[in-house]
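Below is one structure; the comments refer to it alone.
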Amino acid sequence: MNKNRKRPKGLNLLRAGEAAFLFVLITFGVALAALRSTEEQRDGSVQTTVGTTITAEITTNTSTKEAELLSEPVTERSEDDAKPFLVYPAKTEKSVEFAKEFDARNAILINADRNEIIAYNGERYRMYPASLTKVMTLIVAVENAEDLHDKVLITDKMVTPYIEQDASRAGFLPGETPSVEALLYGMILNSGADAASAVASYVAGSEKKFVELMNKKAEEMGLYATHFTNVVGLHDPQHYSTAEDMAMILKYAIGNKTCKKILSAYEYKFPETEQNPEGLTFTSTLFTRMYGDEIEGVKILGGKTGFTDKAGNCIESFAVINGETYILVLCGGTTNWNMVYDTLSAYSVYCVGGEPYKSSRSAR
């Protein structure tokens, strides 16, 4: 075949036309692609802006929702639903609102023996209990532990997460085997998250199952506005209570001999181990800031403190005045020392007719 043979003239014209069409098509495609790219960049910026706005709205709405939950009184409880052994305190003609000088968003002071409210402020508003949570953890542990002398192996899982979260710890280390009793003292006095985690594992096998026991106990007690998601008191929108409910939990706790003993302790020593050669000393976070006898006629026997950014400073205590037991819960304070002084002032002003407390000596 002759390879140099010329193509027919018509075929050459057709090929030329196809090339021209292809060139136009390519040019158009390039232009269209550039246009789309520009539009996509513009649309992308709009979508990003819209997406950011929506995300911001969701975040804002979540915060707003939480704020709304905290700013509205919890639905009135039904007396018919309360269990026989849990009777909420009643207001009397002598009940008064806390003075504005008290640094607490949510507060209640009750005479536990007469079951009367002495002073109150936002006591039925939802709030975050922070480490006051551990009083319920204590109750459930004491009521469900087979033997407080049982040994519990401390694992890395009980310690490391709380180091990472900068939570309060008792100081137990993986490999140690403290008794359940030692864990309870470390949990209450030092507010130890590691101890609380170990207790939950011992009693229920996991924190999740232990929390179920906590919520079951709250239901059995007839608490109307309390729900737990963890044993420590770390912030969670679904981990909440009221000052009134926390007072009821503390009242229940001091009705148990073991719980009261632990809540009243100033110090507990854990012996030396291979992991902690010098041992551990647990000291009450309450009694490192007060003696308990600063107010004449008032003897503060024990209690619990707590703090998270969302909850603010919290403190609850129980005291004996003229042979009767009083319970005070203050939450949402701006500083822990305000809460300490306000605790002393509340007992002074509302229980013995004294003056607000003014610091005159250092803490232990």
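The values are calculated or read from the model by the stated rules, or taken from the named source; none is laboratory data. Owing to the predicted nature of the structure, the values given are computational and were not obtained by experimental measurement. Glycine gets a Cβ as well: all are built from the backbone with ideal geometry, and neighbour counts include every protein chain shown.
Here are the numbers for the structure shown:
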{"quantity": "Residues being over 16 Å from the mean Cα position of the chain (by Cα) and small (Gly, Ala, Ser) - total across the stretch 166-194", "calculated": "6"}
{"quantity": "Filter result (surrounded by 20 or more Cβ atoms within 10 Å (Cβ to Cβ) and either farther than 17 Å from residue 169 by Cα or in contact with a Phe, Trp or Tyr (Cβ under 8 Å, 6 or more places away or on another chain) (or both)) within the stretch 264-286", "calculated": "268, 270, 280, 282, 284"}
{"quantity": "Failed criterion for residue 273 (all others in (1) more than 16 Å from the chain's Cα centre (by Cα); (2) part of a helix (DSSP H, G or I) hold)", "calculated": "(2)"}
{"quantity": "Criterion violated by residue 113 - all others in (1) under 20 Å from residue 302 (Cα atoms); (2) crowded, with 20+ Cβ neighbours inside 10 Å; (3) acidic (Asp, Glu) satisfied", "calculated": "(2)"}
{"quantity": "Tally, over the stretch 151-205, of residues that are farther than 21 Å from residue 267 by Cα and surrounded by fewer than 18 Cβ atoms within 10 Å (Cβ to Cβ)", "calculated": "13"}
{"quantity": "Some residue of the stretch 244-251 being surrounded by fewer than 23 Cβ atoms within 10 Å (Cβ to Cβ) and within 21 Å of the chain's Cα centre (by Cα)", "calculated": "yes"}
{"quantity": "Those residues of the stretch 301-354 which are part of a strand (DSSP E or B), closer than 19 Å to residue 127 by Cα and among the acidic types (Asp, Glu), in sequence order", "calculated": "316"}
{"quantity": "Matching residues, the stretch 199-220, being of a type in the set (A, V, I, L, M) and either on the phi > 0 side of the Ramachandran plot or modelled with pLDDT under 95 (or both)", "calculated": "none"}
{"quantity": "Top-ranked residue in the stretch 253-263 [being part of a helix (DSSP H, G or I) and among the β-branched types (Val, Ile, Thr); ranked as surrounded by the fewest Cβ atoms within 10 Å (Cβ to Cβ)]", "calculated": "258"}
{"quantity": "Counted residues, the stretch 276-300 - those being under 21 Å from residue 137 (Cβ atoms) and either basic (Lys, Arg) or not in a loop (DSSP other than H, G, I, E, B) (or both)", "calculated": "3"}
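Matching residues to (1) modelled with pLDDT of 95 or more; (2) crowded, with 23+ Cβ neighbours inside 10 Å; (3) touching a Gly at 6+ places or on another chain (Cβ under 9 Å); (4) under 21 Å from residue 192 (Cα atoms):
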| residue | (1), (2), (3), (4) |
| --- | --- |
| 308 | yes, no, yes, yes |
| 317 | yes, yes, yes, yes |
| 323 | yes, no, no, no |
| 340 | yes, yes, no, yes |
| 350 | yes, no, no, no |
| 353 | yes, no, no, no |
